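Since the structure comes first, as structure tokens, the remarks are kept for the end.
The values are calculated or read from the model by the stated rules, or taken from the named source; none is laboratory data. Values in this document were obtained by computation on a predicted structure and should not be read as measured data. All Cβ positions, glycine included, derive from the backbone under ideal geometry; neighbour counts span all protein chains shown.
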Amino acid sequence: MTRLGILVLGYLLSVSAPLIAVAQPPNARVGEIIPRDVREMYDRGLQYLATTQSENGDWVKSGGQQGPGVTGLGLMVFLASGEDPNFGLYSNHVRKAARNVIAGQSASTGFFGSSMYDHGFAMLGLAEAYGAVDDRSLWPEGKGKDQRLIGAALELAVRAAITSQKKNSTGAWRYSPDSTDADTSVAGSVLVGLLAARNAGIEVPDESIDKAVSYFTKMTAASGQVAYSGGLGGFDESMARISIGTLVYAIGRRKDLPQYKATLGYLTQRVEQPGSPGHGGVEYQRYYQAQALFQGDVEAWQKWNKLLIRQLKSTQQADGSFNGSYGAGLSTSMSLLALALNYRFLPIYER
């Protein structure tokens, strides 16, 4: 089904069908025009991810980093395109990616992969799929004991993240679920995953969100700079970490905090400056900076987005991929998700 078909179908259903409770309602914006350069780049990137996805649903063919979190971000790229996730052009790729993420979860602990980075991004990917992907066709061979539905896997993941947080004296997360210290990069991935799960209708205690947000306030300087871990690295011009701070305050509904105003101010005053990626590559920075600016200041995002489009247009490879610090698969997913704010189909991209 085309994007236009989805919009028309959504309108017809809204005026003719009885109200049905769903985890995540469609987020299409009628009448908004997607720049041609964005559509062309995104479609080429989608084709690259579609052709390099393995039968298991991951992107091992692309090399670089792998795991449920990487697959979760790839899943989001397909969901963000606006194609019908159940019957559209990439519906089979959506199902394979969702199955791969769930297969990477421990049935006993609920954790995804081997790192809390994996856990956060995998949880985010499933939260965006929940309510959009029809579970009835997720496991065509029949539901077995390890073939959880998306909602069940998401609930397990939320409980695992909260269990890990309770062990951590900072109220946040680091690489291991048993870590006793934290950093704002890992903590950001897990917190955004929890906020997406809450947005999808999964119960997430306010106490857990409040503790994590409190950790970020302690790591945010009056200047708006965000430290990495404890005193290590101090406050520097890491645009990635400043963007993560802005984003978690915004979608955590804490725009009243002075730390939010400081981080957002730091970003908006530097929309034309590349800054330092900090802990991660430039595609990692762009992934978060796109969301942070869109949530905080649409005019600043529009200005930055024009620069992003030019930058990505000049670096996209002939096969539709983007090279970067993490290998073509993950670098392509993060680059496309930075562009996906132009579509705004993902619930986490709502303002």
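Here residue 159 passes the criteria (1) in a helix (DSSP H, G or I); (2) touching a Pro at 6+ places or on another chain (Cβ under 7 Å) except the one numbered (2). Counting only helices (runs of 4 or more DSSP H) wholly contained in the range 25-134, the ones carrying 2 or more residues that are in contact with a His (Cβ under 9 Å, 6 or more places away or on another chain) occupy 36-52, 68-79. Note on the range 229-254: residues that are part of a loop (DSSP other than H, G, I, E, B) and under 20 Å from the mean Cα position of the chain (by Cα) amount to 3. Set side by side, the residues 338, 300, 318 differ, and just one is free of Cβ contacts under 8 Å to residues at least 60 places away in the same chain and within 21 Å of residue 97 (Cα to Cα), which is 338.
Taking the residues in the range 141-197 that are within 23 Å of residue 76 (Cβ to Cβ) and polar (S, T, N, Q) as candidates, determine which candidate is modelled with the lowest pLDDT. Out of the qualifying residues, it is 147.
Can you give me the number of residues within the range 76-120 that are among the aliphatic types (A, V, I, L, M) and without any contact (Cβ under 8 Å) to a residue 24 or more places away in the chain?
Let us first name the residues in the range 76-120 that are among the aliphatic types (A, V, I, L, M), namely 76-77, 79-80, 89, 94, 97-98, 101-103, 107, 116.
When the remaining residues are screened for being without any contact (Cβ under 8 Å) to a residue 24 or more places away in the chain, the result is 89.
Looking only at that region, the number is 1.
Among the residues of the range 229-268, the ones that are over 28 Å from residue 207 (Cβ atoms) and touching a Pro at 6+ places or on another chain (Cβ under 8 Å) come to 2 in all. When residue 309 is tested against the conditions (1) farther than 22 Å from residue 189 by Cα; (2) outside any helix (DSSP H, G or I); (3) at pLDDT 95 or above, the lone failure is (2).
Checked against (1) of a type in the set (Gly, Ala, Ser); (2) buried (at least 23 other Cβ atoms within 10 Å of the Cβ); (3) touching a residue at least 60 places away in the same chain (Cβ under 8 Å), residue 328 passes all but condition (2).
Let's see how each residue does on (1) over 23 Å from residue 243 (Cβ atoms); (2) charged (D, E, K, R):
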residue: 136; (1), (2): yes, yes
residue: 159; (1), (2): yes, yes
residue: 165; (1), (2): no, no
residue: 169; (1), (2): yes, no
residue: 195; (1), (2): no, no
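The set of residues in the range 180-216 being of a type outside the set (A, V, I, L, M, F, W, C), closer than 21 Å to residue 292 by Cα and either surrounded by fewer than 23 Cβ atoms within 10 Å (Cβ to Cβ) or out of contact with any strand residue (DSSP E or B) (no Cβ under 8 Å at 6 or more places or on another chain) (or both) consists of 185, 188, 189, 193, 198, 199, 210, 211, 214, 215. When each of 82, 64 is tested for being at pLDDT below 95, surrounded by 19 or more Cβ atoms within 10 Å (Cβ to Cβ) and out of contact with any strand residue (DSSP E or B) (no Cβ under 7 Å at 6 or more places or on another chain), the lone residue that passes is 82. Among the residues examined, residue 285 qualifies as surrounded by 20 or more Cβ atoms within 10 Å (Cβ to Cβ) and in a helix (DSSP H, G or I). Looking at residue 270 and the list (1) within 25 Å of residue 133 (Cα to Cα); (2) of a type in the set (Lys, Arg); (3) touching a helix residue (DSSP H, G or I) at 6+ places or on another chain (Cβ under 8 Å), which single condition is not satisfied? Status for residue 270: all satisfied but (1).
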